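One structure below.
The values are calculated or read from the model by the stated rules, or taken from the named source; none is laboratory data. Keep in mind the model is a prediction, meaning the values are calculated, not measured. Ideal geometry is used to build each Cβ from the backbone, glycine not excepted, and the neighbour counts take in all protein chains shown. These accessible areas exclude ligands, DNA and RNA; they are computed on the full protein's heavy atoms, side chains included. Shrake-Rupley method; radii C 1.70, N 1.55, O 1.52, S 1.80 Å.
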Amino acid sequence: MKGFVYKHYDATGLAALIRAKEVTEKEVLLEAITRIEGMNPALNAVIDKAYEAAIKRVDRTPSEGPFAGVPMLVKNINQEWKGALASEGSRVLHHHRAPQDSTYTSLLKQSGMNVIGVTNVPEFALMGFTEPVQYGATKNPWNVNVTPGGSSGGSAAAVASGMVPIAGANDGGGSIRIPAAYCGLFGLKPTRGRTPMGPIRGRAWQGASGDHILSKTVRDSAAVLDVLAGKETTGAFRAPAQPDAYTTSLEKPLAKPLTIAYTVDSPLGTPVDEECRKAVLRTVRWLEAQGHRVEEKAAPVDGLAIAKSYMTLYYGEVAARLTEIESMIGRKVTMRDVETTTWLLGMLGRAITAEEFVLRMRTWDEAAIHMEAFHKTYDLYITPATAMLQAEIGAFQLTKTEELLLQLVSKLKAGKLLLKTDMLDQMITESLERIPFTQLANLTGQPAMSVPLHQTGDGLPVGVQVMGAKGREDLLIQLASALEQSELWVDVHTNPFMKL
């Protein structure tokens, strides 16, 4: 096709060109490969590639489905792709290859997508930045000196730089929304149980985590949700039924003036950057101008209790994963196998009692009940997506003193002692003060999205989070589609790597 510029198209647009025979699947695939090879040395977004197999697929037979011939990448955790790297960002699994496709990946392949690689993640997807020791840091296409966020940072950098139009992502505490906010992308975390977990698991992170994508456009997110939603019966959770396709929400006007709550204050009482506050307030003014009723109102939950219950999940899940890995590798996992912070989290998980874990989980249910009542009054709840702007690469590396201290705590097996001190509460607050807004939706199971609606004076994108009641992805998509047409929307194609 004359004048075809691959990086300018979203997945829906590429699929339409292929269907119309204006470009071939192979032409699109070769453009994607060229783009990855050109951008990845500077960004380190893709850590496993399978170009030869992808070329053979398009040479063998034409693809079928709504996304026939569209190239994509999957994330290096919970999105297994038979034969591809499945190391979860850790050196202890750096040789591990997926024995089978996950249901998520299988459905996307059935839709016609050509999976061509795996993206970088922090070890076990535990951090809001993507700097695993095993694979190195992923850089942000808007500024290579700052993080793209995490844990879907590799996927975010790949999409924002035009390597692929969409990439796999999952979100257990903000891992879709944080990198979307930091990379100027659209990121929707669906309602708990909406997207598949199988075939080897029924839940991820006790239902806090769910899989979807990062995308340049709202329509791609809606269309992929149509591919994934409601296709699995073995999951531990089932989302409320959605009778209509999500793509039908794109052009549907909002039926009535919405009643919307918002806050610019951190639920932990910690500082919020002025640019993050400004992003919300600009959005509020736009919504008021559209005739919606907007009121400043914080969520009716205890922010510190949410943080504590979320981190208890962290500790328990890490401990359980390390035990699972021992059965995979046939020996004990040692401190040398994983990063120091990961080892400490696992130690804390082993120190928590079953009673404490259950009590913390009840906080989730209480929060969900409160938020369900909240949404009887307010259709949507708006907050900053993050409390702070993108941190510099390496800002979270442990100092030698911190490394030695954590190693000492681990060797002394002082997990129970830490759990009984105020030091742990301080650690929790410090670990979440940059990203205190996203965890609530994971615990309650609500859908939430990050929308790129602001830029700093230095040109960095800033995201705004919008939460809806359970099952109301359609309403979020409606609003996002309207915002996409507004002057607030940040065009991802204006970042430096999109100009290359």
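Worth a mention:
- Overall dimensions of region 80-151 as given by Cα atoms, namely Rg and Dmax in Å: 13.6, 38
- Between ARG331 and VAL133, the C-beta separation translates, for a Förster distance of 30 Å, into a calculated FRET efficiency of about 0.90.
- Separation between Cα centres of region 328-376 and region 424-500, rounded to whole Å: 25
- Take the chain with all the other protein chains still there, run a 1.4 Å probe, and you get 40 Å² of accessible area per residue.
- Spatial separation of Cα centroids for region 106-180 and region 16-62, in angstrom: 18
- Placed amide H near GLY187: partners under 5 Å, 5+ positions off or other chain: SER450
- Among the listed pairs LYS26/LYS499; LYS332/LYS400; LYS7/LYS109; LYS216/LYS252; LYS82/LYS231; LYS139/LYS499, those whose Cα-Cα separation exceeds 18 Å are LYS26/LYS499; LYS332/LYS400; LYS7/LYS109; LYS216/LYS252; LYS82/LYS231.
- Kirkwood Rh and Cα Rg combined as Rg over Rh, evaluated for region 98-200: 0.96
- The simple Förster model, with R0 at 35 Å and r as the Cβ-Cβ distance, assigns ARG350 and THR270 a FRET efficiency of 0.75.
- Take the Cα of THR233, step 7 Å toward its Cβ, do the same at HIS96, and the gap between the two points is 3.0 nm.
- Kirkwood estimate for region 302-368, i.e. one over the average of 1/r between Cα atoms, Å: 12.7
- Cα pair distances in region 183-302, grouped into 5 Å bins until the bin that holds the longest one, percent each: 2, 9, 13, 15, 18, 19, 14, 7, 2, 0
- When peptides 443-449, 337-343, 383-389, 149-155 are ranked by their average number of other Cβ atoms within 10 Å per residue, the highest-first order is 149-155, 443-449, 383-389, 337-343.
- Rounded to whole numbers, the Karplus 3J(HN,Hα) couplings from phi for region 244-261 are 10, 5, 5, 5, 5, 6, 5, 9, 7, x, 4, 5, 8, x, 7, 9, 10, 9 Hz, using 6.51 cos²θ - 1.76 cosθ + 1.60 with θ = phi - 60°, and x at Gly and Pro.
- Percent accessible area from carbon and sulfur atoms, region 67-216, protein chains only, probe 1.4 Å: 47
- In region 1-101, Rg over Rh equals 1.00, where Rg is the alpha-carbon radius of gyration and Rh the Kirkwood radius from pairwise Cα distances.
- Couplings 3J(HN,Hα) of region 195-207, computed from phi: 10, x, 10, x, x, 9, 9, x, 7, 10, 6, 6, x Hz, in residue order, whole Hz [Karplus 6.51 cos²θ - 1.76 cosθ + 1.60, θ = phi - 60°; x for Gly and Pro].
- Nearby aspartates and glutamates by direct alpha-carbon distance to LYS297 (threshold 18 angstrom, same-chain neighbours under 8 apart not counted): ASP265, GLU288, GLU372, ASP379
- Between ALA305 and LYS278, the simple label model (points 7 Å from Cα in the Cβ direction) yields a spacing of 3.6 nm.
- At the listed q of 0.08, 0.09, 0.10, 0.13 Å⁻¹, the Debye profile of the chain, built from one uniform point per Cα, gives log10 I(q)/I(0) equal to -0.44, -0.56, -0.71, -1.25.
- Taking amide hydrogens as placed 1.01 Å from N in the peptide plane, the amide H of ASN114 sits under 5 Å from those of GLY69, VAL70, MET72, each at least 5 positions away in sequence or on another chain.
- Remark: spin-label model distance GLU295-GLU430 equals 3.9 nm, labels positioned 7 Å along the Cα→Cβ axis.
- From largest to smallest, the equivalent ellipsoid semi-axes obtained for region 185-231 from the alpha-carbon gyration tensor read 20, 11, 8 Å.
- Working from the Cα coordinates of region 280-339, the gyration tensor eigenvalues give, after taking √(5λ), semi-axes of 46, 14, 9 Å in decreasing order.
- Label point 7 Å beyond Cα of THR377 along Cβ direction - residues of region 260-303 with amide nitrogen under 12 Å: 260-262, 295-301
- Between the amide H of ASP48 and those of VAL118, distances stay under 5 Å, these residues lying 5 or more places away or on another chain, with hydrogens modeled in the peptide plane.
- In summary, the aspartates and glutamates within cross-link reach of LYS56, defined as a Cα separation below 19 angstrom excluding same-chain residues under 8 places away, comprise GLU25, GLU27, GLU31, GLU37, ASP48, GLU64, ASP101.
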